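Beneath this line is the structure, given in structure tokens, with notes to follow.
The values are calculated or read from the model by the stated rules, or taken from the named source; none is laboratory data. Quick caveat, the model's predicted, so the values are computed rather than measured. Counting neighbours? That spans all protein chains shown, and the Cβs are built from the backbone with ideal geometry, glycine included. Note: areas computed on protein heavy atoms with side chains; ligands, DNA, RNA excluded. Shrake-Rupley method; radii C 1.70, N 1.55, O 1.52, S 1.80 Å.
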Protein chains: 4
Amino acid sequence: MQNILNDIILSNKKCTANGKVASYIPELKNANIDDLGICVIDKDNNIYCAGDYKKKFTIQSISKPIILAMALMDNEWHHVFSKVGMEPSGDPFNSIMKLETNDTKKPCNPMINAGAIVTTALIKGKNLQEKEERMLSFFRKLAKNNSLEINKSIYESEKLTGDRNRAMGYLLKNDGFIEGDVEETLDLYFKQCSIEVDVVDLARIGLLFSNYGIDIETGERVISENISRMVKTFMVTCGMYDASGEFALRVGIPAKSGVGGGIMASVPRKMGIGVFGPALDEKGNSIGGLNILEDLSNKLELNIF
Amino acid sequence: MQNILNDIILSNKKCTANGKVASYIPELKNANIDDLGICVIDKDNNIYCAGDYKKKFTIQSISKPIILAMALMDNEWHHVFSKVGMEPSGDPFNSIMKLETNDTKKPCNPMINAGAIVTTALIKGKNLQEKEERMLSFFRKLAKNNSLEINKSIYESEKLTGDRNRAMGYLLKNDGFIEGDVEETLDLYFKQCSIEVDVVDLARIGLLFSNYGIDIETGERVISENISRMVKTFMVTCGMYDASGEFALRVGIPAKSGVGGGIMASVPRKMGIGVFGPALDEKGNSIGGLNILEDLSNKLELNIF
Amino acid sequence: MQNILNDIILSNKKCTANGKVASYIPELKNANIDDLGICVIDKDNNIYCAGDYKKKFTIQSISKPIILAMALMDNEWHHVFSKVGMEPSGDPFNSIMKLETNDTKKPCNPMINAGAIVTTALIKGKNLQEKEERMLSFFRKLAKNNSLEINKSIYESEKLTGDRNRAMGYLLKNDGFIEGDVEETLDLYFKQCSIEVDVVDLARIGLLFSNYGIDIETGERVISENISRMVKTFMVTCGMYDASGEFALRVGIPAKSGVGGGIMASVPRKMGIGVFGPALDEKGNSIGGLNILEDLSNKLELNIF
Amino acid sequence: MQNILNDIILSNKKCTANGKVASYIPELKNANIDDLGICVIDKDNNIYCAGDYKKKFTIQSISKPIILAMALMDNEWHHVFSKVGMEPSGDPFNSIMKLETNDTKKPCNPMINAGAIVTTALIKGKNLQEKEERMLSFFRKLAKNNSLEINKSIYESEKLTGDRNRAMGYLLKNDGFIEGDVEETLDLYFKQCSIEVDVVDLARIGLLFSNYGIDIETGERVISENISRMVKTFMVTCGMYDASGEFALRVGIPAKSGVGGGIMASVPRKMGIGVFGPALDEKGNSIGGLNILEDLSNKLELNIF
């Protein structure tokens, strides 16, 4: 396995030159464009790493399946899906149009920004601080890493430049899909996106979903089987923005990407995978990350279809 | 003329039963559904009133052509139209979709909410208070009525329920069409909509535009000929929300409606007209107001086409 | 007047270099890009021509207001507007999207392709041949020119490349807005677009609408006053594709353009104008034509607003 | 297994009352609304049937994955996906809008009508007759049933009422996504939809895909492993119209539905399933069929996620 990973990193290093680092906030622009790292943790808890696996980056949209799991644990199934849909949208992650043209006006699914703002608003807590603490401690529990923290300067930048997300927030408020204060919800949203992780954290989280919510080391049930399955399903149908269909065809593994360059993948019953490569393609997915996962899926026959 | 107006009010009284009073804020709900009033001021400064002409109501979207005039006086022509378009949209007044699907992402025109938020942001002033004072004094000058005031409780309600406008504001900010603070711009926008007027005020304002910007009593040039003409042009192509085309066909007079039930009309070289009837049709236009203007246009041959 | 026209042609000659000749069919590509011609016929029947006024070109979309007039003469007002709307669309002339997103699915207005296909389907006749004869003889009557003919090779080309219009036709058929055979309707549509005219023909037609449907020479009523007015109204709100709003602001004259390079304009009570310049801007309007009309409107104070 | 199927049919019989039989052509209207049948064929070639399993119905949209397989066998992978996309659309199956608003204007995927018209156009053959023969014989081979035939009267009805599909065809032709004659392509499309099958046929086809293209009885490779996998992937992301996401969450099995009331499901490595119930929900999926598959997935733990 270690040799496979080393080879894959090596052979995909050059494709990073075709991508671009996210630049909507200054902090992301500073990423090293040819960084490429991977971590695999299998169902026997073997950990394999290769490439730039020690680099830290912000989790960004990879927080979306995690917040969805939390929203489903904090609320009735039916309540959650009265506020957010279950369907892939076919539109870019930050599209507003569907909120107006859809019959229901509901965000299509929890993997696009509008949907994730809705699931964020469903996180319980008596005030913003408690919600933030509960959220951070849930991320830490899933990653089995108590040192996870919010990157303050990225959070500040996200907040400062987040007017498009703010627009969605107010539209969702207007249409009754979020209750409570919009700015507070957005604050929690920007914070969740700014949690700093590495590929080992992502592989650990992916492993938990692949193992249907049971901690492989302790046997503790962290997330219900049903919620674990639902999260993986959304990762397949909507996990890679408007390239989810192509990813399902070429790779066939539940996965979620973020503009920080990370991808968290979860192979049912087999392994969790974390990859990192900040060079993004036009859809906002890590170019190196996509190729690594495609190669790995082919080599290890991980395609679920 | 007085007899014509009396007859028209009388014969259109019953159609108000087919409409609905605006209800998105409690204050508007209390309007008397069968109120109907009109004022005509002709180019010789004769003033004719009929029906419930003494009723006061908030100006709502009728502020849009006035704010446009002010934005065009405060800024270069080209600067204004780099931020807002010149085309009818064919969509409802509060549509967001076009902001995303348009090539330019610019609001289509200054008569829909998004466009009016942009022109509001172009009003000059060293702070919000100065902008508000300048705005109110411009409305007073046009109406020749120094007692015009903002209805505080309607303003508060608009602000409280204005999340859809807030969503537009943040999207416009994100796309670079408004500078400065979004909440401040919206505050000024909600205030302008909450100015209380009567049909005499509207007729007076309409007369000024019909007379190409020259005060008929004093001979003072208040607005340039060119700006007066542009405002009337927008009133024709976009003045009655997404019923502007039908209104042009049936009535053929530059006019702007508001959900408060008012319509301000301006017949080039002939007269200004103010009408009021809070019973609205599905597009948000005063039912009684539309019919009154159609009858008046036919009787007095006011159609400009 | 003759001097004014000569000057205007001269001073606008160079702007044609910024445009492009229509190229969707080979026949249009051969037009001479810097051709520029004008004809004005005033209400005293004085005829003034300048520039390349003898050039012939196909009428293209300028047929739309004429077919609308004919449809309104052949059918009840309400029947026509149950099949086509009255509102500007804000979309390109060949947009299909609104046919799906509109509540009614009706074409927005008779000046865009979809709407004109509907009005074409409303032309009466016991078979295609009779419809074609009635149509051609109506165009000849309006232009007072019995030698008007369909350009066969352009008609053939239009028909051959008309798949987008064909798509609209079948969608309109599916949604119940056209009755009868789609291919027959399209045949009549392609034929009407392929009628060959010159600027004198267009000025003559414009004059008839400007004179509210009465032939200025014979006193014969050719079109009712009401229909004449409606046609001019549509020319203002939707006559210049999705640049109609800007044209109303800058020129303020009812006018209709075609991709053949012609524009027919109709100044109420004053004159008819035909211009020709095959260099088109991005919206499909004659660049030279727009500028000529703007200059003429300013010089002769023709703006109706 | 037989008992499970009997129970599931019994317990889901009553939910058919909530649905409606497809009515866009008269022939479909005559279906028996409470019919409900199922067939399972497992990897050991055991065949289990229950309910109204002998009923015949037209395959309708279930032909789409089969035609996709054929198009992928007849053409290079890259050529196919230069004409049709890989992404779920989030829109109804017969939506036209995306063909205009998408950057590429390509149909989103081969499971919606527009996309299936494109894959149909990619079927090889020197003329329509040969294409039809090749198509029919491919369906027969997959179903292992040489008596499959096109239902002539349904085909005639589809053709007669197919103006919306015709509109798509001409638009796709216009934009270069189909070559050759539109009417011929549509003819083949309407024919493929009108092939008459029963649930045993569907189960047999599903089994072939579940077994990665190898005939379980003869060991013959009928479809390549890669194409089999791609077809199942599309069935997950786009197989149930705009309810695909919900179906993936609740059932988690690759499946494709048709408005004739059939669903073909393919559980990787395990079994093929055919169900039939002509009572449809609002999205066009068989109500009884959905519930049967959900129960079966839960009972037999077939969810792939």
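Against the condition surrounded by fewer than 24 Cβ atoms within 10 Å (Cβ to Cβ), in contact (Cβ under 8 Å) with a residue 24 or more places away in the chain and more than 10 Å from every other protein chain (Cβ to nearest Cβ), how does A:K191 come out, does it pass?
The answer is yes for A:K191.
Mind counting the residues in segment A:125-135 that are touching a strand residue (DSSP E or B) at 6+ places or on another chain (Cβ under 9 Å) and surrounded by fewer than 22 Cβ atoms within 10 Å (Cβ to Cβ)?
So the answer is 1.
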Completion exercise
Output for Cβ contacts, cut-off 7 Å, separation at least six or different chains, first residue over 21 Å from B:S157 (Cβ atoms) in segment B:4-26, second aliphatic (A, V, I, L, M) and open to solvent by 60 Å² or more (accessible area, probe 1.4 Å), reads B:T16/B:I33
Practice task
For segment B:56-74, name all the residues that are farther than 17 Å from B:E132 by Cα and open to solvent by 20 Å² or more (accessible area, probe 1.4 Å).
Solution key: B:K56
Exercise for the section: Using the structure shown, decide if B:K83 is surrounded by fewer than 24 Cβ atoms within 10 Å (Cβ to Cβ), at pLDDT 95 or above and basic (K, R). Expected result: yes
Handout entry: Selection count where residues are without any contact (Cβ under 8 Å) to a residue 24 or more places away in the chain, open to solvent by less than 10 Å² (accessible area, probe 1.4 Å) and not β-branched (V, I, T), scope segment A:229-240
Key = 0
Practice task
Could you tell me which numbered condition D:D198 fails, if it satisfies all but one of (1) within 14 Å of chain A (Cβ to nearest Cβ); (2) over 22 Å from D:T119 (Cα atoms); (3) not β-branched (V, I, T)?
Solution key: (1)
Exercise for the section: Would you confirm whether any residue within segment B:34-49 is open to solvent by 10 Å² or more (accessible area, probe 1.4 Å) and at positive phi? Expected result: yes
Exercise for the section: Return a yes/no flag: does segment A:112-124 have any residue that is out of contact with any Phe, Trp or Tyr (no Cβ under 7 Å at 6 or more places or on another chain), at pLDDT 95 or above and surrounded by fewer than 17 Cβ atoms within 10 Å (Cβ to Cβ). Expected result: yes
Problem - Matching residues in segment C:78-98 - criterion: being of a type in the set (A, V, I, L, M), under 22 Å from C:G258 (Cβ atoms) and within 7 Å of another protein chain (Cβ to nearest Cβ) - result: C:M86, C:I96
Exercise for the section: Identify the single condition in (1) crowded, with 20+ Cβ neighbours inside 10 Å; (2) within 14 Å of chain D (Cβ to nearest Cβ) that A:Y53 does not satisfy, given that it satisfies every other one. Expected result: (2)
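Picking from A:N303, A:N291, A:N298, which residue would you name as being within 14 Å of chain D (Cβ to nearest Cβ) and in contact (Cβ under 8 Å) with a residue 24 or more places away in the chain?
Values: A:N291 fails: within 14 Å of chain D (Cβ to nearest Cβ); A:N298 fails: in contact (Cβ under 8 Å) with a residue 24 or more places away in the chain.
Within the list A:N303, A:N291, A:N298, the selection yields A:N303.
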Practice task
Collect the residues in segment B:136-165 that are assigned to a loop (DSSP other than H, G, I, E, B) and buried (at least 17 other Cβ atoms within 10 Å of the Cβ), keeping them in residue-number order.
Solution key: B:K144, B:L148, B:N151, B:G162
Practice task
Spot the failing condition for D:K173; the list is (1) out of contact with any Asp or Glu (no Cβ under 8 Å at 6 or more places or on another chain); (2) surrounded by 19 or more Cβ atoms within 10 Å (Cβ to Cβ), and only one is missed.
Solution key: (1)
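Somewhere in segment C:156-174, is a residue within 14 Å of chain D (Cβ to nearest Cβ) and aromatic (F, W, Y)?
Step one: filter segment C:156-174 for residues within 14 Å of chain D (Cβ to nearest Cβ), giving C:158-174.
Cutting the leftovers down to aromatic (F, W, Y) gives us C:170.
Yes, segment C:156-174 has at least one match.
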Exercise for the section: Look through D:E179, D:E183 and report the one residue that is in a helix (DSSP H, G or I), more than 20 Å from the chain's Cα centre (by Cα), of a type outside the set (A, V, I, L, M, F, W, C) and surrounded by fewer than 24 Cβ atoms within 10 Å (Cβ to Cβ). Expected result: D:E183
Handout entry: Single match in D:A203, D:A243 (criterion: open to solvent by 10 Å² or more (accessible area, probe 1.4 Å) and either assigned to a helix (DSSP H, G or I) or assigned by TED's automatic domain parsing to the domain that holds D:E149 (or both))
Key = D:A243
Handout entry: segment D:1-41 - residue that is among the small types (G, A, S) and in a helix (DSSP H, G or I) and, of those, nearest to D:M271 (Cα to Cα)
Key = D:S11
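Within segment A:257-296, can you find the residues that are in a helix (DSSP H, G or I) and open to solvent by less than 10 Å² (accessible area, probe 1.4 Å)?
Taking segment A:257-296 as the starting set, the residues that turn out to be in a helix (DSSP H, G or I) are A:287-296.
Those that are in a helix (DSSP H, G or I) and open to solvent by less than 10 Å² (accessible area, probe 1.4 Å): A:G288, A:G289, A:I292, A:L293, A:L296.
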Exercise for the section: Look at D:L249 and say whether it is more than 17 Å from the chain's Cα centre (by Cα), at the interface with chain A (Cβ under 10 Å from one of its Cβ atoms) and open to solvent by 10 Å² or more (accessible area, probe 1.4 Å). Expected result: yes
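Right, D:L186: touching a residue at least 12 places away in the same chain (Cβ under 8 Å), within 30 Å of D:R221 (Cβ to Cβ) and among the aliphatic types (A, V, I, L, M) or not? Steps first, answer last, please.
Values: touching a residue at least 12 places away in the same chain (Cβ under 8 Å): yes; within 30 Å of D:R221 (Cβ to Cβ): no; among the aliphatic types (A, V, I, L, M): yes.
The answer is no for D:L186.
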Fill in the blank from the handout: The residue that is farthest from B:M86 (Cα to Cα), considering only those in segment B:206-228 that are touching a Phe, Trp or Tyr at 6+ places or on another chain (Cβ under 8 Å) and surrounded by 22 or more Cβ atoms within 10 Å (Cβ to Cβ), is B:I223
